[in-house]
Structures are given as structure tokens and as C-alpha cells.
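Peer 1: Quick one: the structure is below, questions incoming.
Just so you know, all these numbers are worked out from the coordinates, no wet-lab data involved. Here the structure is a predicted model, which means the values were calculated and not measured. Cβ: placed from backbone, ideal geometry, glycine included. Neighbour counts: every protein chain shown.
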């Protein structure tokens, strides 16, 4: 079965696929949000604390602080991406709803005109017809 995607999703994905920086940010965000990332960090921090550096781990503290700064930036990039997508989808949906409203209004007016014509033909007295 083929997935049918919302046009705003298709446009959003195409826009992101064109930009190398956005693709890189997406890849980093996807990796940083995975359990693999957690396992690698647990192992790396354990080795660092037990083997490479002794208390109070000044270099590790610096590295972890810098990593937190970068990861928070990627979280904000992800939030901006989600916000852009939501706005694109809302704009698309609004345009579609406006087109539907216009069509429905035209259909309602046409039905009213036809109903009035049918009523005139059926209910008009015979002597007035001719």
C-alpha cells in the first residue's frame, strides 16, 4: 500500500532535502535522540572517569558542558523545524478550506437558483404562464 502524504509534508521534506546544513542537523538530532547515543556516552564517560582522568575530572566537565551547549542548539533547531512545518501545514490547510468554502458557496447559490426556478415553474398559476 502506498502512503499518501499531505502536500505540506511533501513540500517540507523536499525543502529540507535540498539544504545540506538542515540534513546534517536532522542526522545529528536523530542520533542524539537515540538510545545508541546514550549507550555510547555511558561507556565513554565510564572509561573516561575510571581510566583516563582522575577526580574532579576537569576536562570531562568541559567536554560535557560544550556538548550540552551544542545539543541544546540542535534541540532548538528541531523545534524551529517543527514550528516551520506546522505553519506550512496550517497555511496549506487554510488555502484548501477557503477553496472548499468557495465551491460550497457556489453550489449553494446554484441549488438556490435551481430550486427557485423549479418552484416558479411548478407553483405559477396556469393563467400567468401564458
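Peer 1: Could you state the angle between the C-alpha long axis of helix 35-47 and the longest principal axis of the C-alpha atoms of the chain, as a value from 0 to 90 degrees rounded to the nearest 10?
Peer 2: Helix 35-47 sits at roughly 10 degrees to that axis.
Peer 1: Once both axes come from the Cα atoms, what is the angle between helix 7-18 and the longest principal axis of the chain, in degrees from 0 to 90, rounded to 10?
Peer 2: 40 degrees
Peer 1: Taking the Cα atoms only, what angle lies between the long axis of helix 58-123 and the longest principal axis of the chain, rounded to 10 degrees?
Peer 2: For 58-123 against the chain, the angle is about 10 degrees.
Peer 1: At a threshold of 8 angstrom on Cα-Cα distance, excluding pairs fewer than six apart, so keeping six or more, what relative contact order does the chain reach in percent? Can you show the working numbers first?
Peer 2: Values: 28 pairs, mean separation 43.4, N = 130.
Averaging sequence separation for qualifying contacts and normalising by length gives 33 percent for the chain.
Peer 1: Now a separate question. Using per-residue counts of other Cβ atoms within 10 Å, averaged over each peptide, order 118-124, 6-12 from highest down.
Peer 2: Packing proxy ranking, top to bottom: 6-12, 118-124.
Peer 1: How far is it, in nm, from the label point at residue 69 to the one at residue 3 when both lie 7 Å from their Cα along the line to the Cβ?
Peer 2: Simple spin-label model gives 3.7 nm for this pair.
Peer 1: Here's a follow-up. Give the peptides 46-59, 21-34 in descending order of average Cβ contacts within 10 Å, highest first.
Peer 2: Taking the mean over residues of other Cβ atoms within 10 Å, the ranking is 21-34, 46-59.
Peer 1: What length, rounded to one decimal in nm, is gained on full extension from residue 14 through to residue 118, with 0.36 nm per residue of separation minus their alpha-carbon distance? Each step should come with its number before you reach the end.
Peer 2: Numbers: separation 104, 0.36 × 104 = 37.44 nm, distance 5.15 nm.
Contour length minus the Cα-Cα distance gives 32.3 nm.
Peer 1: Across bins of 10 angstrom width beginning at 0, how are the C-alpha pair distances of region 60-130 distributed, in whole percent?
Peer 2: Over region 60-130, the share of Cα pairs per 10 Å bin runs 16, 17, 14, 13, 12, 9, 7, 6, 4, 2, 0 percent.
Peer 1: With 20 Å as the cut-off, how large is the P(r) tail for region 1-129, expressed as percent of Cα-Cα pairs?
Peer 2: Cα-Cα pairs in region 1-129 separated by more than 20 Å: 70 percent.
Peer 1: Follow-up question, since we're still on this one. How do 15, 89, 36 rank when sorted from fewest to most other Cβ atoms within 10 Å of their own Cβ?
Peer 2: The order, fewest Cβ neighbours first, is 36, 15, 89.
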